[in-house]
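Only the coordinates and a few stated rules stand behind these numbers; no lab work does. Fair warning: this is a prediction, and the values are worked out from it, not measured in the lab. Counting neighbours? That spans all protein chains shown, and the Cβs are built from the backbone with ideal geometry, glycine included.
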Amino acid sequence: MKKRRILPSIVFLIVGIGMIVFAFGGMGWFGNSGAFSGNSGVTLNATSLSELESVPSTGVIVNATANTVEFTGYEVTIPMIASPKNGPMYSFSVYGLVNPTIIVRQGAEVKLIFVNGDNDMYHGVVVTAGTPPYLYMGAMMSDGPVFGNSFILPLPPESSGKYASASITFKAAQSGNFYYICQVPGHASNGMYGKFLVEN
Ligand SMILES: [Cu+2]
């Protein structure tokens, strides 16, 4: 009798382990050393955080009415703040706009400076071809980066006035309508995303 009870438990365990391996296998781009380990190392204080919000005199057209931020050059820097104090819970801020449509030229070398402005949640970002609506786990399981390494692993929340930051560079090689989304489960499905248009 005992054996019969043990067998289903073993099968259950093996299936369980299999599912975990499958889940993490599909998350290779999400984090090689754990889903929430992040790739931080750089921290900003509140002053340098607000400096990221000041619009440069050239190369950027901020249109608050259309909620668009257009980068006109071929070497662009996009400062992106996740869930800043004065913004909605699940949002990105670029030059003070909430989840704006970001427009870059095809072929542009994009430097994405990402800061977690939140004080109680991890946030990351992926520029993806995946379109909304997003599933709860969607960004982790299927909505991978569209431009090689166009993602930043989730960074920890603000701690003692220090904001975790990381940056990446990628080439906006192909034109099209893409999205930048937060890959933390439940965030993109709650509206933490914006359009990322590559125009020629
Ligand atoms: Cu998030």
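Cross-link pairs exceeding 20 Å between alpha carbons, from the set K111/K171; K111/K195; K85/K195; K171/K195: K85/K195.
Give, rounded to the nearest 20 debye, the magnitude of the charge dipole that segment 31-199 has about its Cα centre when Lys and Arg contribute +1 at Cβ and Asp and Glu contribute -1 at Cβ.
Details: 6 positive and 10 negative charges, 25 e Å.
With Lys and Arg at +1 and Asp and Glu at -1, about 120 debye.
Of all the Cα-Cα pairs you can form in segment 116-200, what percent are over 16 Å apart? So the pairs more than 16 Å apart make up 51 percent of the total in segment 116-200. Calculate, in whole percent, how much of the Cα-Cα pair population of segment 31-199 lies beyond 26 Å. The answer is 19 percent, as a whole percent.
Just order 52-59, 70-77 by mean Cβ neighbour count inside 10 Å, highest at the front, would you? Could you put the intermediate results ahead of the total?
On the way: 52-59: 12.4, 70-77: 16.0.
Listed from highest to lowest mean packing, they are 70-77, 52-59.
Separation of segment 83-125 and segment 41-58, taken as the distance between their Cα centroids, equals 12 angstrom. The length gained by stretching the chain between K111 and A129 to full extension, at 0.36 nm per residue less their Cα-Cα distance, is 4.6 nm. Taking 7 Å steps out from each Cα toward its Cβ at N119 and V55 produces label points 2.8 nm apart.
What FRET efficiency comes out for the pair V62/V98, r = Cβ-Cβ distance, R0 = 22 Å, nearest 0.05? Can you show the working numbers first?
Numbers: r = 13 Å, r/R0 = 0.57.
My answer for the efficiency is 0.95.
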